[in-house]
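Worksheet: the structure to be examined is printed underneath.
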Amino acid sequence: RIDGGCYTTIRRDADDGLLSDYLTKRSRASGASIFFGGASKLNDIFSADEFSHSPSEALAKFKQSLQTYISQSDKKSTSQAVISNAQNLANNLNFAAKEIQKLRKDVDAEVGAEVKDVNKLLQQLKEVEGHIVHNDSEDVYSYMDQRDAILKELSGHVSITFTTVSYTHLRAHETRED
C-alpha cells in the first residue's frame with residue numbers, strides 16, 4: 001500500500017523443463033500409438049493369429065505339396081494339391097495386396113489430415129507468439145498460456161522441443177529421433 005492505493009504484481013509461474021518433458025513424452029506416446037495402430041492393421045490383413053490369409057502359411061503348404069509331388073508324382077491327388085495350394089497362395093497374396101493398397105490410401109488420408117492440423121496449429125502459434133513478442137496486450141500471460149496449450153496439442157502430431165529466447169519469447173523446433 002502506497003498513498004492509500006493498492007498495488008499488485010502478476011507473475012506467471014511456469015517450468016520450462018516440465019513443459020519440455022511433457023512435450024517429449026506426449027510426442028513419443030503419440031508416435032508409439034500410431035506405430036501400434038499400423039502394426040495392428042497389418043496383423044489384421046495377414047491374420048497372423050489365425051493363419052487364414054497368411055502368405056507364409058500358404059507358402060509353407062505350397063512347398064509341402066511340391067515336396068510330396070516330387071516323391072509321389074504318379075498320383076493325381078498330389079498334382080491337384082499343388083495346383084490347389086498354388087491358387088490359395090496366389091489368392092492370399094492378391095488379398096494382401098488389395099488390403100495393403102486400402103491401408104496405404106487410409107494412411108495417405110490420415111497424413112493429409114495431420115498436415116492440415118499441424119498447419120492450423122502452427123498458424124495459431126504464429127499469431128499468439130506475435131501477440132506475446134509485440135506485447136500488444138496487458139494480458140501477455142494469457143497469450144503465453146495459449147501458446148503452451150498449442151505446443152501441447154502440436155506435440156501430439158510432431159516431436160517438438162523449444163528454446164527460450166527471452167522470458168516471454170520461445171522458439172519451437174521439430175526433433176527427430178533416429
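Quick notes on this one:
- Taking the criterion of being part of a helix (DSSP H, G or I) and either open to solvent by less than 50 Å² (accessible area, probe 1.4 Å) or at pLDDT 90 or above (or both), the residues of the range 44-58 that qualify are 45, 55, 58.
- Odd one out for residue 65, checked against (1) open to solvent by less than 70 Å² (accessible area, probe 1.4 Å); (2) in contact with a Ser or Thr (Cβ under 8 Å, 6 or more places away or on another chain); (3) modelled with pLDDT under 90: (3)
Let's see how each residue does on (1) among the hydrophobic types (A, V, I, L, M, F, W, C); (2) within 30 Å of residue 28 (Cβ to Cβ); (3) without any contact (Cβ under 8 Å) to a residue 40 or more places away in the chain:
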{"residue": "69", "(1), (2), (3)": "no, no, yes"}
{"residue": "74", "(1), (2), (3)": "no, no, yes"}
{"residue": "83", "(1), (2), (3)": "yes, no, yes"}
{"residue": "87", "(1), (2), (3)": "no, no, yes"}
{"residue": "95", "(1), (2), (3)": "yes, no, no"}
{"residue": "100", "(1), (2), (3)": "yes, yes, no"}
{"residue": "115", "(1), (2), (3)": "yes, yes, yes"}
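- Count - residues of the range 66-123 that are part of a helix (DSSP H, G or I), charged (D, E, K, R) and more than 18 Å from the chain's Cα centre (by Cα): 3
- Candidate set from the range 126-154 (those that are modelled with pLDDT under 85 and either aliphatic (A, V, I, L, M) or closer than 24 Å to residue 110 by Cα (or both)); member that is surrounded by the fewest Cβ atoms within 10 Å (Cβ to Cβ): 133
The values are calculated or read from the model by the stated rules, or taken from the named source; none is laboratory data. The shown structure was predicted, so the numbers you read here are calculated from the model rather than taken from an experiment. Positions of Cβ are generated from backbone atoms using ideal geometry, with glycine treated the same way; all protein chains shown enter the neighbour counts. Areas reflect the complete protein model, heavy atoms only, side chains present, ligands, DNA and RNA absent. Shrake-Rupley method; radii C 1.70, N 1.55, O 1.52, S 1.80 Å.
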